[in-house]
Structures are given as C-alpha cells and as structure tokens.
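*Asks:* Take a look at this one; I'll ask things after.
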Amino acid sequence: MDRENLRKDYIQLIASAREYVEQQLQLGITELESEPEQDSPYADFDLPALTADAEGCTKCPLHETRTNVVFGVGDPNADLMFIGEAPGADEDRQGEPFVGRAGQLLTQIIESGMKLKRSEVYIANILKCRPPGNRNPEPNEIETCSPYLVRQIELIQPKVIVALGSFAAQMLLGTKIGITKLRGEFHPCNVPGLRVLPHKKPPVIMPTFHPAYLLRNPNAKREVWEDIQTVMGFLAQA
C-alpha cells in the first residue's frame, strides 16, 4: 500500500473516532463506564473483630456440625504464614489449627527445620470449620469462607506464605495445577481482592506438601526440607 492510501486510511480512522466521541457526548457519556470494585464486607475489620465475626458465622452448613471455629493462631505481624485447607477433628475440638498429628509435624518443621518458634509465625486454614469426616472442602464452602482468609492476609501482611497441600496452593494461586508441579519455587500471590499496604510488597507463595501427606509418605520430607530452606533463604534477604 502506497503512502497516499495510508494517509487516506489514517484520516478516515480519525474521522470515525471523532464521530464516535461526538455521539457519546451527545448521549451524555463523558467517560468509559466500568464495573465498580466491590469492597470486602470485612475491609474495615481488625483481627479481633474478624475473629469474632467468624466465630458467629452461619453462612454455610458447616456451622451446624462444628464444635469450634478454627480461625488462626500466631504472631499477627509475622513475616511467614502457613495456610492449610481445613481443620480436622483435633482442631475442631481445640479451636486451634494444626494441633493433631499433622500439626505436631508442622511444629517440628517450624522449630527444628526453620529454627523458629511456632508463636513467631501465623497459621491458618482456608476453611474455618471442619468438613464432616474430614472430606475435601467444597467450592461453595471455599467461596463463602475465603473472604476471612483474604482479610487475615491483608492484616498480617506476611512476606511469604507457605501453602500446605493442593487445595491451599490452588486457591492462593488461582490454578488447577497439582502440588507436585507447583512446589519447590515461589509464585506470585493471585488471591482476588487482596489489598496490600502501599509500603509493602505482595506476599510470595511457596507451595509444599501438607504435613498429613508426609505422615503417609515420609519419603517426601526431603522435598519439604528443600522448600523450607528456600523460604528461609528468601526471608534472610527480604
């Protein structure tokens, strides 16, 4: 196409654009309309208020079978946060995440592998109530309960989140990829609606095997050891 034809096409494009803008102005439209962002219902909640709201939650049927809401535990200013999928029987009974056999193993990982105290990190689950029979969380339960977790992350502002198992990793990363392929490297946090303070960076996610999986497959402890050493190296430089 020669330069003259290019010039004519360009002029026609400009004329069409001008005509469109004039039509929009005549209709009273001065800017492009977009869907307004929906604030979380917990946007103004601090951690105690969020905990209290969760303890009284009846938004899904899980409240009918729970003994206790299992909200979270640890340092509210922690640089490191662990997130699992849901409470088990021991957690439901005591109201604290990761206190059963899998929780005891997680504590060993934190204290022996990371040389930290359990109280120096923050531990939570996606679901705050135990699914009956320890079944997998259902999509509607995750959708209903995840705003609590999102606000927890916003309030704690961790530098690193260790996602324990496939459910936690997939929810935080917005993916369907399994934990075996995800683990071992950092991923950007992809939680919808998560707000980060201006002077903070979004947390990075390190997926690794759930402690319950390690109880059934002790040979996988080596991979988890590698993952937590990568996390500690990151935190040392952060």
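*Asks:* Based only on other Cβ atoms within 10 Å, what is the fewest-to-most ordering of Thr208, Thr144, Thr65?
*Replies:* Fewest-to-most Cβ neighbours within 10 Å comes out as Thr65, Thr144, Thr208.
*Asks:* From the phi of every residue in the range 118-125, what ³J(HN,Hα) in whole Hz does the Karplus formula 6.51 cos²θ - 1.76 cosθ + 1.60 yield, where θ is phi - 60° and glycine or proline is x?
*Replies:* Running phi through 6.51 cos²θ - 1.76 cosθ + 1.60 with θ = phi - 60° gives 4, 6, 8, 10, 10, 10, 8, 10 Hz.
*Asks:* What is the fewest-to-most order of His199, His63 by other Cβ atoms lying within 10 Å of their Cβ?
*Replies:* By the 10 Å Cβ count, ascending: His199, His63.
*Asks:* Student exercise: in the range 47-237, how many lysine pairs 8 or more apart or on different chains have Cα atoms under 21 Å apart?
*Replies:* 8
*Asks:* Would you tally the net charge around Ala52, using a Cβ to Cβ cut-off of less than 13 Å, leaving Ala52 out, and scoring K and R as +1, D and E as -1?
*Replies:* Overall, the nearby charge balance is -1.
*Asks:* When Cys60, Cys189 are ordered from fewest to most other Cβ atoms inside 10 Å of their Cβ, what list results?
*Replies:* Cys60, Cys189
All of the numbers you see were taken from the coordinates with simple rules; none came from a lab. The structure displayed is predicted, hence computed values, not measured ones. Positions of Cβ are backbone-derived with ideal geometry, glycine not excepted, and every protein chain shown enters the neighbour counts.
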